[in-house]
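Working notes, beginning with the structure itself.
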Number of protein chains: 2
Amino acid sequence: MLSVKGFSGNAVAAAIKHRDRLDLGLLYSERPATVAATFTRNKVKAAPVMDAIGRLGSGTEQFRAILVNSGNANACTGSRGLEDVRDLRRWGADILNIGEADVLISSTGVIGERLPMERIKAAMPGLVDGLSANGLELVAEAILTTDTVKKTAFRRINVDGIPAVICGMAKGSGMIGPNMGPPQATMLAFIMTDLKVVPDWWQKALEKAVAVSFNRIVVDGDTSTNDTVLAMANGMAGNDPISERHLGPEIEKTLSALAMDLARQIVRDGEGATKCIGLNITGARSDADAERVARVICGSPLVKTAFFGEDPNWGRILAAAGRAGVELDPGRLALRVGDVELVRNGQGTGTEAEWLARKIMEKRDFDLTLDMGLGKGSIRFLTCDLSDEYVRINADYRT
Amino acid sequence: MLSVKGFSGNAVAAAIKHRDRLDLGLLYSERPATVAATFTRNKVKAAPVMDAIGRLGSGTEQFRAILVNSGNANACTGSRGLEDVRDLRRWGADILNIGEADVLISSTGVIGERLPMERIKAAMPGLVDGLSANGLELVAEAILTTDTVKKTAFRRINVDGIPAVICGMAKGSGMIGPNMGPPQATMLAFIMTDLKVVPDWWQKALEKAVAVSFNRIVVDGDTSTNDTVLAMANGMAGNDPISERHLGPEIEKTLSALAMDLARQIVRDGEGATKCIGLNITGARSDADAERVARVICGSPLVKTAFFGEDPNWGRILAAAGRAGVELDPGRLALRVGDVELVRNGQGTGTEAEWLARKIMEKRDFDLTLDMGLGKGSIRFLTCDLSDEYVRINADYRT
């Protein structure tokens, strides 16, 4: 059960896209919380993302509430979309009796339609009335779209003898494909902690965590217009502020692990996904080269359908690596599925290895390691397979 | 019916992958033909591609025969794969009674398996015995893999009163996604003409034709290890040699149109494809920007599944453009499906337009135009949709 000192939550069904489904959520902090944030680098940004970027600037700010809806992305909605965001902030502030500047808005869902503002307005009193310390999980449910499971993570920490918590929730199943370079993200995630933090460090810690987690997952490679990670620290644990010098590295580890946990849940629940594959690239000329190769392999329809078919079709993986536009010597490539060596010196190792690899690929989770034999560059990505179910979901998503 | 003066062809079933299916073809020219060529830029290149690149160098050479097989790509087969190519050349030369240097080899099919050399050797006498002027179509059939239809094109031309022919055949259905920059190609295509040509001009003419045709199609975006276009000109029409100065521009037009014709056939027969979409990008800062945007849209799983669902889901198209990494102002974007304006100033134009757009998208072929409103850069690509059938084909391709 998600729970952090000073935070409450609630969600209601506002009929934003579907009837009788939680689609409007509220996260609320008793005290102003220091918010770190990362956003999509897609040039086409949704109204709530533009609004939040404008208000957070490049640094952290204090906020009290995040109002979030699913079913409608409020993207490509022009100036009216931005006005709707401001109205939502004002309504939330009025009813919570806080300042308009204390509220952040986040949205996910269909692009290009205006939010059903009247229905949201009508749902807000009930939303605020029902706020409770046990209500965070309801928000985790309300933010889901094509997701099939709720995604939450929770870590207890001890800071100088003071107990504290970092926890989070995420949504994301399709349109999952990070663009390069932090700060950025590819889905919605809200992280809450009662730690007291130094704002600059908190932002840097979040960027680091995002860079090694959400930034290294691919479902379909389609970067969204709405991707947002917000991390709220309300300081109610009463610790001495965490900073680069005071316990920073330790808390960064916890934060990164939590983000990784959520990122993995997104890939495992990727649209239509039946497999979660950990792809390690090693021996590249540089980490950047390794990342480029990983992205191309994770985005290759032929590789992803072979995963779905549990087919150790290593030729497709090598061909994908070969078109990544980085230095590569085919004769040095080696590929392992789990601990089975499938390719050595650019050539297959035989039918027995393929048979063993196929056995491993029948599992829900497995690892794949491509060694390029050129240098020390490496990276680890998480991706999923491409199934007929993905096609079904996305050919029908709006209709 | 494909037919060109001085060229003959034949194909037989050599049981390379399947029984009783044409899989070994031979194209033969009575006289040495000037061959222009383009090859994949994938860093992982198949043995026959490496062999041909080595022999053609950067310029044209004279050849007499192309021996081509489907069912096996002879890729990732190491030095033994290269030896097999040389053996094939030698066997072909011996039986045709020409020089080993007169023969080119081309392959397509599964990666990572050695060619069944004995079965090919056993099939070669019958292959050569059956050569005939009417046999070119048999070769067009033998090169198919997951293709469902034969792809040929034919143009009659008149050069200073002398009648001549340019014709061609192609294969390609999956692993179709050109990499940037000529010379290159993304499938197999063999072009034959009885024109007499100046070698340097012929190579340039082919590069130009490939750049605007095969180089602008995307099925799944996976660039192959074996992509090859070979264009043979045997000079038997008896015309004065075509060059930059002598009728070059005119013949280039015909050659490009022929290549475009074949490229379109590949997209229409894309694995699992039910639609062929002409994507025009206009108003980009540069043609290179337009190409980048076109490639991202054509490769987007979400856009392609929306095409399959006949869903005018313009938000996905704008989101794909937004992640292409080029200059873009969301407020200036305009999108048309056929002649229906679906997006203006970055926003939807309403439900009636969507209804009209859906009607157009129900057709097998339709056009889509994204205007970026920034400059004069433009490009036209052809792509197809992503259906559950694509997944089925590729989850099972090897098994």
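Worth pointing out:
- Unique match (being surrounded by fewer than 18 Cβ atoms within 10 Å (Cβ to Cβ) and in contact (Cβ under 8 Å) with a residue 12 or more places away in the chain) among B:Arg64, B:Arg80, B:Arg41: B:Arg80
- One residue stands out among those in region A:265-294 that are within 12 Å of chain B (Cβ to nearest Cβ) and within 16 Å of the chain's Cα centre (by Cα): the one that is farthest from A:Ser387 (Cα to Cα), which is A:Gly270.
- Test for B:Ala46: is it at negative phi and among the small types (Gly, Ala, Ser): yes
- B:Asn280 being free of Cβ contacts under 8 Å to residues at least 40 places away in the same chain, in contact with a helix residue (DSSP H, G or I) (Cβ under 9 Å, 6 or more places away or on another chain) and under 29 Å from B:Ala334 (Cβ atoms): no
- Test: residue in region A:45-54 that is under 30 Å from A:Arg156 (Cα atoms) and either part of a strand (DSSP E or B) or in contact with a helix residue (DSSP H, G or I) (Cβ under 9 Å, 6 or more places away or on another chain) (or both): yes
- Residue in region A:212-229 that is among the charged types (D, E, K, R) and in contact with a Gly (Cβ under 7 Å, 6 or more places away or on another chain) present: yes
- Residues in region A:216-264 that are assigned to a loop (DSSP other than H, G, I, E, B) and either more than 14 Å from every other protein chain (Cβ to nearest Cβ) or out of contact with any Ser or Thr (no Cβ under 9 Å at 6 or more places or on another chain) (or both): A:Asn234, A:Gly235, A:Met236, A:Ala237, A:Gly238, A:Asn239, A:Asp240, A:Pro241, A:Glu244, A:Arg245, A:His246.
- Count of region A:319-357 residues, restricted to those that are within 19 Å of A:Lys376 (Cα to Cα) and facing chain B (nearest Cβ under 9 Å), is 13.
- Residue match in region B:164-186 (condition: modelled with pLDDT of 90 or more and of a type in the set (Val, Ile, Thr)): yes
- Condition met for B:Leu368 (in contact with a strand residue (DSSP E or B) (Cβ under 8 Å, 6 or more places away or on another chain) and crowded, with 19+ Cβ neighbours inside 10 Å): yes
- Selection from region A:209-234 of residues that are out of contact with any Pro (no Cβ under 8 Å at 6 or more places or on another chain) and over 20 Å from A:Ile105 (Cβ atoms): A:Ala209, A:Val212, A:Ser213, A:Val219
- Selection within region B:55-67 - modelled with pLDDT under 90 and either touching a Phe, Trp or Tyr at 6+ places or on another chain (Cβ under 8 Å) or not in a helix (DSSP H, G or I) (or both): B:Gly57, B:Ser58, B:Gly59, B:Thr60, B:Glu61
- Of all the listed residues (B:Glu341, B:Glu327, B:Glu291), the sole one being more than 24 Å from A:Gly78 (Cα to Cα) and of a type in the set (Asp, Glu) is B:Glu291.
- Residue selected from region B:371-399 under the condition of a type in the set (Val, Ile, Thr) and within 14 Å of chain A (Cβ to nearest Cβ), by the criterion surrounded by the fewest Cβ atoms within 10 Å (Cβ to Cβ): B:Thr399
- Filtering region A:297-307 to residues that are more than 7 Å from every other protein chain (Cβ to nearest Cβ) and either surrounded by fewer than 24 Cβ atoms within 10 Å (Cβ to Cβ) or part of a loop (DSSP other than H, G, I, E, B) (or both) leaves only A:Gly299.
- Residue tally, condition in a loop (DSSP other than H, G, I, E, B) and within 21 Å of A:Glu291 (Cα to Cα), over region A:308-354: 10
- Taking region B:5-27 as the range and being in a strand (DSSP E or B) and surrounded by 24 or more Cβ atoms within 10 Å (Cβ to Cβ) as the test, the residues that pass are B:Phe7, B:Gly9, B:Ala11, B:Leu24, B:Gly25, B:Leu26, B:Leu27.
- Inside region B:15-34, residues that are over 30 Å from A:Ala320 (Cβ atoms), touching a residue at least 12 places away in the same chain (Cβ under 8 Å) and not polar (S, T, N, Q) make up a count of 7.
Every residue, every condition in (1) within 14 Å of chain A (Cβ to nearest Cβ); (2) farther than 16 Å from B:Asn226 by Cα; (3) touching a residue at least 12 places away in the same chain (Cβ under 8 Å); (4) crowded, with 18+ Cβ neighbours inside 10 Å, yes or no:
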position	(1), (2), (3), (4)
B:Leu88	no, yes, yes, yes
B:Asn97	no, yes, no, no
B:Glu118	no, yes, no, no
B:Ser132	no, yes, yes, no
B:Val139	no, yes, yes, yes
B:Thr148	no, yes, yes, no
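- Checked against (1) assigned to a helix (DSSP H, G or I); (2) surrounded by 24 or more Cβ atoms within 10 Å (Cβ to Cβ); (3) not aliphatic (A, V, I, L, M), B:Lys204 passes all but condition (2).
- Of all residues in region A:328-351, none are surrounded by 14 or more Cβ atoms within 10 Å (Cβ to Cβ), touching a residue at least 40 places away in the same chain (Cβ under 8 Å) and acidic (Asp, Glu).
- Considering region B:219-249, the residues that are over 19 Å from the mean Cα position of the chain (by Cα) and polar (S, T, N, Q) include one that is surrounded by the most Cβ atoms within 10 Å (Cβ to Cβ), namely B:Asn234.
The values are calculated or read from the model by the stated rules, or taken from the named source; none is laboratory data. All of these numbers come straight from a predicted model, not from anything done at the bench. Quick reminder, even Gly has a Cβ in these numbers, built from the backbone with ideal geometry, and neighbours come from all protein chains shown.
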